[in-house]
Amino acid sequence: MERFRITAEPLDEHAIAEGLSTSEDGAVVVFSGIVRTRNKGRKVLHLEYEAYEAMVYPVFERVAEDVSRRFGVERLRIHHRIGRVDIGESSVLVAAASPHRGSAFEAARHTMNEIKRIVPIWKREFFEGGDVWVEGPKEPVTE
Amino acid sequence: MTGSAAVTVLLFAAAREAAGRGRLEVPHREGLTAADVWKNLESERPALAPLAGSVSVAVNHRFVPRDTLLAAGDELAFLPPVSGG
């Protein structure tokens, strides 16, 4: 299983954890972000994701290095969809394995926060009556 | 325009739509910065103006400040606020 993956195919929350943990690990956390039907009072029909793929992989590496430094978690995988994603489908999976649950939870949470802050992926929301680019933090990233 | 004397410019998501295209090449000159390229783009495509304050800049797949000097052959990208996950 690849550590980092960008794909137009459905994500598999079981496969991402396969073979991730070692005999030292007491915890595996798998986070799945799924597309929901309601956002800001709008009825969402589906999402479409666009990625700067050549940059996504080095930024995933940067996130993994940060997670390693902060939490000592070395076993981390990130899989993200591109293209159309329907209601109820996973758009992103993060898996983290660690000797203890605290660091595994923290690693998954921090990874998701960083994905939303610096990973060059954008979603377009198609809702009843229109569509719009969703924008994250407005503060430009400079390093 | 040859690749070696040019800078490749990539635009994504809302910036791509505002510019009407996702990729172009601009000639390189000494002292050229990412901010210069944006300014030129914005004057050609005023629809980009609302994005000026929030767009991030990447050169060769790394985030950099806007005043970063560009080299011939660089890949420069303008990234609206990301919204993955």
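A few notes on this one:
- Expected 222 nm ellipticity per residue - DSSP helices of 4 or more, -39500 (n - 2.57), all of chain A, to 500: -9000 deg cm²/dmol
- Charge dipole (debye, nearest 20) of region A:4-129; +1 at Cβ of Lys and Arg, -1 at Cβ of Asp and Glu: 620 debye
- When you restrict to C-alpha pairs under 8 Å that are six or more residues apart and normalise by the size of region B:3-79, the relative contact order lands at 45 percent.
- Charged neighbours of A:Phe31, selected by a Cβ distance under 10 Å, balance to 0 (K, R count +1; D, E count -1).
- Tensor-based shape of region A:23-66 (alpha-carbon gyration tensor, a/c under 1.5 rounded, otherwise prolate or oblate): oblate
- Cα gyration tensor, region A:4-129 - rounded (a/c under 1.5), prolate or oblate: prolate
- Cα-based shape type of the protein assembly as shown, given that a ≥ b ≥ c are square roots of the gyration tensor eigenvalues and the cut on a/c is 1.5: oblate
- DSSP bridge analysis restricted to chain B gives an antiparallel fraction near 75%, rounded to the nearest 5.
- Within the protein assembly as shown: Cβ-based charge dipole about Cα centre, in debye rounded to nearest 20 (Lys, Arg +1; Asp, Glu -1): 580 debye
- Look at the stretch A:106-114: the mean tally of other chain Cβ atoms within 10 Å of its residues' Cβ atoms is 1.
- Percent accessible area from carbon and sulfur atoms, chain A, protein chains only, probe 1.4 Å: 48 percent
- Cβ neighbours within 10 Å from other chains - mean over B:54-67: 4
- Rounded to the nearest 20, the Cβ-based charge dipole of chain B about its Cα centre (Lys and Arg +1, Asp and Glu -1) stands at 160 debye.
- Axis angle, to the nearest 10 degrees, between helix A:101-118 and the longest C-alpha principal axis of chain A: 40 degrees.
- Summed buried accessible area for A+B [probe radius 1.4 Å, Å², rounded to 100]: 2300 Å²
- A:Arg84 sits among other residues whose Cβ lies under 13 Å from its own Cβ, and their net charge, with Lys and Arg +1 and Asp and Glu -1, is -4.
- Number of partner chain Cβ atoms within 10 Å, mean per residue of A:131-141: 6
- Toward the positive end of the charge dipole of region A:4-129, with +1 on the Cβ of Lys and Arg and -1 on the Cβ of Asp and Glu, the farthest Cα among A:Phe126, A:Ala17, A:Gly83 is that of A:Phe126.
- Heavy-atom accessible area order for B:Thr68, A:Thr111, A:Thr37, largest first, 1.4 Å probe: A:Thr37, B:Thr68, A:Thr111
- Formal net charge of residues neighbouring A:Ser103 (Cβ-Cβ distance under 14 Å; K, R +1; D, E -1): 0
The values are calculated or read from the model by the stated rules, or taken from the named source; none is laboratory data. Because the structure is predicted, anything quoted here is derived from the model rather than measured. Note that we place each Cβ from the backbone using ideal geometry, even for glycine, and neighbour counts take in every protein chain shown. These area figures cover heavy atoms from the full protein model, side chains too; ligands, DNA and RNA do not enter into them. Shrake-Rupley method; radii C 1.70, N 1.55, O 1.52, S 1.80 Å.
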